[in-house]
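Below is one structure; the comments refer to it alone.
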Amino acid sequence: MSKTTVKDVAMEPEPPTSPERAAAPRKEGASRALALLLVITGAAGVLAAWVITLDKFKLLEAKVRGETFVPGCSLNPVVSCGSVMESDQASVFGFPNPMLGLVTYGIVVCVGMSLLAGARFPRWYWLTLNAGTLFGTVFCAWLMFQSLYRINALCLWCCLAWVATIVMFWYVTSFNVRTGFLPAPGWLRSFFGEFTWVLPTLHIGIIGMLILTRWWDFWTG
C-alpha cells in the first residue's frame, strides 16, 4: 500500500485560476419589484410616444389635404396636444420627439424583461442606464418648461412620459447607490434603501404644483 507523504501533498500543483474569472467585473441583478417598475414605466413611455406619433402623422396628413385634425387629447385651451405637436420644440433633433421615445422607452422595457428573466449586468451597464434616464429626465424638464411658459399648453400623453421617466430615473439611481455602483456616503445609501419613493413623489409633486399655479385662474375660474 502506498502512502501519501507531506512532501507529496506539498508538491501537488494547485488548481489553475482562470484569468478571466479573476478579472471578471461584479455583476448585479435586480429585485422583481425594480424589474417590473422598469417594464411598466417603459411601457407607459412607449404608449405615450406611440399615440403622439400617430397623432402627429394624422396632423401632417390633414395639412396636406388642407383639412384640420384635432387630437383626441385636445380638451381645452390649456390641455391642447395639437398646440404642442405643432410647436418647434416638438422636433428638437430634426424629427418628432416621440420617435426618440419609441426607441429609448423600448430599451427600458427590454432591460426590465431581462432582469425578470434573471439577467445580471456589470457596473458599466447600470451606469449607462442611469445616464440614459438622467438625460431623459433633463430633456423632460426642458420640455415641461417649454410647455408651461413658451407654448402655453399641455399634452396629457407628454405628462405620462414625464412621470414614467422621473420614476425610472430615481429608482435606477437608488439601485446604483445602494449597490455601490455610484459612490455615496452611508446615510445616503440608508435613505435610498428605506425612502426611495420620497424623491420621485416630491419631484412629480413639484411639477404638479407648477402646472396648478401656471393656470390657476383657468382651473379655478
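The values are calculated or read from the model by the stated rules, or taken from the named source; none is laboratory data. This structure is a prediction, so every number in the text was calculated from the model and none was measured. Counting neighbours? That spans all protein chains shown, and the Cβs are built from the backbone with ideal geometry, glycine included.
Below, the figures for the structure above:
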{"read-out": "The listed residue being modelled with pLDDT under 90 and in a helix (DSSP H, G or I), out of 14, 67, 61, 20", "value": "20"}
{"read-out": "Matching residues in segment 182-221 - criterion: being among the acidic types (Asp, Glu) and within 27 Å of residue 126 (Cβ to Cβ)", "value": "194"}
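Yes/no per residue for (1) farther than 29 Å from residue 29 by Cα; (2) crowded, with 16+ Cβ neighbours inside 10 Å; (3) more than 12 Å from the chain's Cα centre (by Cα); (4) at pLDDT 95 or above:
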| site | (1), (2), (3), (4) |
| --- | --- |
| 114 | no, yes, yes, yes |
| 131 | no, no, no, yes |
| 137 | no, yes, no, yes |
| 141 | yes, no, yes, yes |
| 168 | no, yes, no, yes |
| 177 | no, yes, yes, yes |
